[in-house]
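Throughout, read-outs are computed from the coordinates displayed, never taken from laboratory work. The shown structure was predicted, so the numbers you read here are calculated from the model rather than taken from an experiment. Because the Cβ atoms are built from the backbone with ideal geometry, glycine has one as well, and the counts that use them run over all protein chains shown.
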Amino acid sequence: MNARFWKQLAVILRRLSPGFAQREAQRPFSLAVVGTGEEVCRWRDRLAPPGLAERKRDQALKPLFTIPVPLTPAYAEMLPRFDLLWVTPSAADEVLGLTRRYTLLPEAPDGGAEESAWADAIMDEVRQKHAGFRLALARHYEPLRRAAISQVISTIAAETDRGTGGPAGRPRFATPPPCPVRRRNAESRIRRMVTGG
């Protein structure tokens, strides 16, 4: 077998390791949400709902900083130091002059079917710009958890599919249609690894 196959297999196995998932989920981070006073309060309550158990809400709020606009000079100086910087559309112009390393937040829906689309949009941005923080965000913020877990499963499935091609000239096997039971089991296993329970 060629060396490329073995490298891909090593990446797949490392990502399947519970230790890898737990280390990534426990990675420390700082997250700043920038917007108007009302918007940052709404985002804080969306990421760490007031009805959440006190211990879980404290855990969610610990890495979260809400920064209202207009920015004071002290806040403006701090922005580039955050690991993740999420900005509402109303604050984008002010932040753009200070740093280009931010994620523009979509409008948060009130819930229902749009909830998953909102979380998917944010986690897709995180995957593209800050993939190492996916599981840490999922661990801290329940609304983002399903989107992060789905991304991890899709990434592993895609890498597994690439790894099954074998040497040149062998046919590539199509990925079988997803089995709901297997996917549910995979989601629950990853959720337990991320949350530690």
Going by how many other Cβ atoms sit within 10 Å of their own, how do Tyr141, Tyr75 line up, fewest first? Tyr75, Tyr141
So for each of 20-31, 142-153 I average, over its residues, the number of other beta carbons within 10 Å; can you give me the resulting order with the highest mean first? 142-153, 20-31
What number comes out for the charge environment of Tyr102, summing +1 per Lys or Arg and -1 per Asp or Glu over other residues with Cβ under 13 Å away? 0
Let me have the relative contact order for the range 36-111, percent, based on Cα pairs under 8 Å that are six or more residues apart. 28
Additional length obtainable on full extension of the chain from Ile156 to Glu142, 0.36 nm per residue less Cα span: 2.9 nm
